[in-house]
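Sharing a structure, written as structure tokens. Questions coming.
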Amino acid sequence: MAFPMVDFDRFLFAFTIGSHILLVSVSITLSILISITEFLSIRYNDRYYGALARKLLRVFIVSFGVGTASGVVMAVELVNLFPGFMTLVSQTGVIAVFYVEIFAFFIETVFLVVYAYYWNSFTGKYTHWMLTLPIVAGTLASGALISMVNAWMNTPNGFNISNYLATGQITDVSPWAPFLTPSTVPEILHVLSMVVFAGAMLMGGYFAYRYMRSHSEEEKELFLKGLRLTTLLSAVFVVLTIYSGINEITTLLTEQPLKYAAIELNPTPGSGFPEHIFGTIVGGKVVGGFDIPGLQSFLVQMETGITNLPGLSQYPQSEWPPLIIHTTFDIMVPSGFLMGFFLLVFTVMWLAGRRPYDNRLLSYGAQFLAPFALATMELGWVTDEVGRQPWIVYNVMTVGEAANYSSALLVPGLVIIAFYLFLIPFTFYFFARVFNGKSLERELKETSAGGGVNY
């Protein structure tokens, strides 16, 4: 029973964090869009941007509330499912990262309450808008700090690792070291870029859908402005996502060569490697899929200057991560480039005055790619986290050493999974209901009157 419970612990936390990251993506992107739309409404005295800011704020409040509750579930699961990991965390400097993350959340919460519920208390419009800045900073900082913890799990530091592996004792603790590991900056940039990109694509797809179905000129104007903003945001962040993803190759090669070998499906070390598309390893050889000769080595040398690449045969097979990460990677990368190409076409047509938002094919494309972007984000998360297995802290602690083997967690865990299966689709449905809860006509009147948000 012990080994299956470890697998269940893995699956339960993976399912929870995979669900939670959907809410995080929406929340971070909403905070940015609210700040931008209110600024534009003030700068250009545009009541449509003002109405959009108010509608987005209502959705953000729901997202914030559900996301906060989901974050509590994750925190409880970390303690209950992986007590060995939390013991290690509490004795090393990484515990400080958790505390700073709580402080960032505190800032976001305080300023959101003041911004949303005391709108009429500010005589200066820009004064009220400036409250969005700490909200955006708080949401981004929370995401960055959680990514920082994950980066520490990939490239641990801040204590004497050799002594810990030999004796089990934590010594030579450096409390600030976990704030900057070899993978911290690349991982934060990649994670934040991806979640904002996915959130912007999701909202852009919704705006494209509503723009197509709207018969009122006022509604079309509102959704057109939203579509333009989300397209611009998506275009900027897809570039950052691709750039930061390429940069992470260097980190993998130098810090996690086994993960790199599994992702690229290299059975042995060497040079002049092809790019393996799909396939797996059987008997030490790549079978299935197809190869593009020399492409892998060419790209890596061009990006990093490294010519000798690692292979799986250099490591005990018991330490290999599941090779499914090669498949998830092979789906994720072309998906990102496909969405980047779509956004390029959309943007070029827009700049050329061709009105791409009136093109039905492009509109359907935006709607299709909205959930596709979320799926691609999830595949990236799976590739990173499954690629670290069997370690929970790379080369320091395995998941088996960290996990709780109690079968008493099985029933509560299944209840949590069932609850999330209901919660996530219902929450996204409720987002749409809240967004459309008040007629645009009333929203525009309230915006023109300069009052706060009437809930």
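Can you tell me which of F431, F368 is part of a helix (DSSP H, G or I), surrounded by 15 or more Cβ atoms within 10 Å (Cβ to Cβ) and aromatic (F, W, Y)? Lay out the reasoning, then the answer.
Details: F368 fails: surrounded by 15 or more Cβ atoms within 10 Å (Cβ to Cβ).
Sole residue among the options that is part of a helix (DSSP H, G or I), surrounded by 15 or more Cβ atoms within 10 Å (Cβ to Cβ) and aromatic (F, W, Y): F431.
On the basis of being of a type in the set (S, T, Y), touching an Asp or Glu at 6+ places or on another chain (Cβ under 8 Å) and not assigned by TED's automatic domain parsing to the domain that holds T250, does S142 make the cut?
Criteria met by S142.
Filter the stretch 269-326 down to residues that are under 30 Å from V399 (Cβ atoms) and of a type in the set (G, A, S) and give me whichever is nearest to the chain's Cα centre (by Cα).
Among those residues, the one meeting the criterion is G279.
Quick check on this structure: which one of T254, T230 is surrounded by 20 or more Cβ atoms within 10 Å (Cβ to Cβ) and either assigned by TED's automatic domain parsing to the domain that holds V97 or part of a helix (DSSP H, G or I) (or both)?
On the way: T254 fails: surrounded by 20 or more Cβ atoms within 10 Å (Cβ to Cβ).
Answer to the check: T230.
Ok, one more. Just give me the residues in the stretch 1-28 being under 20 Å from S147 (Cβ atoms) and touching a Ser or Thr at 6+ places or on another chain (Cβ under 8 Å), in sequence order.
Result: T16, S19, H20, L23, V26, S27, I28.
Is it true that some residue in the stretch 226-242 is closer than 30 Å to F159 by Cβ, at pLDDT 90 or above and more than 17 Å from the chain's Cα centre (by Cα)?
The answer is no; no qualifying residue exists.
State which residue is nearest to L232 (Cα to Cα) when the search covers only the stretch 339-360 and only residues that are loosely packed, with under 13 Cβ neighbours inside 10 Å and within 28 Å of the chain's Cα centre (by Cα).
Among them, the one singled out is V348.
Right, Y394: touching a Lys or Arg at 6+ places or on another chain (Cβ under 8 Å) and among the hydroxyl-bearing types (S, T, Y) or not?
Here the answer is yes, as Y394 does meet what is asked.
Take I188 and decide whether it is buried (at least 18 other Cβ atoms within 10 Å of the Cβ) and assigned to a helix (DSSP H, G or I).
Working: buried (at least 18 other Cβ atoms within 10 Å of the Cβ): yes; assigned to a helix (DSSP H, G or I): yes.
Answer is yes for this residue.
Yes or no: Y357 under 24 Å from Y49 (Cβ atoms), of a type outside the set (S, T, N, Q) and part of a helix (DSSP H, G or I)?
So Y357 fits the description; yes.
Sticking with this one: For a quick check of your reading of the model, give me the residue pairs whose first member lies in the stretch 284-301 and is within 20 Å of W320 (Cα to Cα), whose second is among the aromatic types (F, W, Y), with beta-carbon atoms closer than 9 Å and at least 6 apart or on different chains.
G288/F278
Need at least 1 residues that are in contact with a Ser or Thr (Cβ under 7 Å, 6 or more places away or on another chain) per element, so show me which strands (runs of 3 or more DSSP E) inside the stretch 275-343 make the cut, counting only ones lying wholly within it.
Those strands (runs of 3 or more DSSP E) span 285-287.
Oh, and also: Can you tell me which residue among V76, V66, V62, V110 is within 29 Å of A418 (Cβ to Cβ) and exposed (fewer than 15 other Cβ atoms within 10 Å of the Cβ)? Please lay out each step first, then the result.
Values: V66 fails: exposed (fewer than 15 other Cβ atoms within 10 Å of the Cβ); V62 fails: exposed (fewer than 15 other Cβ atoms within 10 Å of the Cβ); V110 fails: within 29 Å of A418 (Cβ to Cβ).
None of the other options fit; the residue is V76.
Over 16 Å from T230 (Cα atoms), out of contact with any Asp or Glu (no Cβ under 7 Å at 6 or more places or on another chain) and small (G, A, S): does that describe S35? Talk me through it step by step, then tell me what you get.
Numbers: over 16 Å from T230 (Cα atoms): no; out of contact with any Asp or Glu (no Cβ under 7 Å at 6 or more places or on another chain): yes; small (G, A, S): yes.
Taking the combined requirement at face value, the residue does not satisfy it.
Within the stretch 97-111, is there a residue that is over 25 Å from the mean Cα position of the chain (by Cα) and over 26 Å from A14 (Cα atoms)?
For the stretch 97-111, residues over 25 Å from the mean Cα position of the chain (by Cα) and over 26 Å from A14 (Cα atoms): absent.
So, one more: Got a number for residues in the stretch 257-292 being buried (at least 18 other Cβ atoms within 10 Å of the Cβ) and of a type in the set (K, R)?
Result for the stretch 257-292: 1.
Going by the conditions given, is R388 of a type in the set (D, E, K, R) and either loosely packed, with under 15 Cβ neighbours inside 10 Å or within 24 Å of A208 (Cβ to Cβ) (or both)?
Details: of a type in the set (D, E, K, R): yes; either loosely packed, with under 15 Cβ neighbours inside 10 Å or within 24 Å of A208 (Cβ to Cβ) (or both): no.
Spelling it out, it is not the case that R388 is of a type in the set (D, E, K, R) and either loosely packed, with under 15 Cβ neighbours inside 10 Å or within 24 Å of A208 (Cβ to Cβ) (or both).
Against the definition (surrounded by fewer than 16 Cβ atoms within 10 Å (Cβ to Cβ) and in a helix (DSSP H, G or I)), how does T241 come out, yes or no?
no
Is at least one residue of the stretch 161-182 hydrophobic (A, V, I, L, M, F, W, C), under 23 Å from E378 (Cβ atoms), outside the structural domain of G365 (by TED's automatic domain parsing) and part of a helix (DSSP H, G or I)?
Within the stretch 161-182 (the criterion being hydrophobic (A, V, I, L, M, F, W, C), under 23 Å from E378 (Cβ atoms), outside the structural domain of G365 (by TED's automatic domain parsing) and part of a helix (DSSP H, G or I)), the answer is no, since none of the residues qualifies.
The values are calculated or read from the model by the stated rules, or taken from the named source; none is laboratory data. Just so it is clear, the structure is predicted and the values come from calculations on it, not from any experiment. Methodologically, a virtual Cβ is constructed for each residue, glycine included, from the backbone with ideal geometry; neighbour enumeration extends over all protein chains shown.
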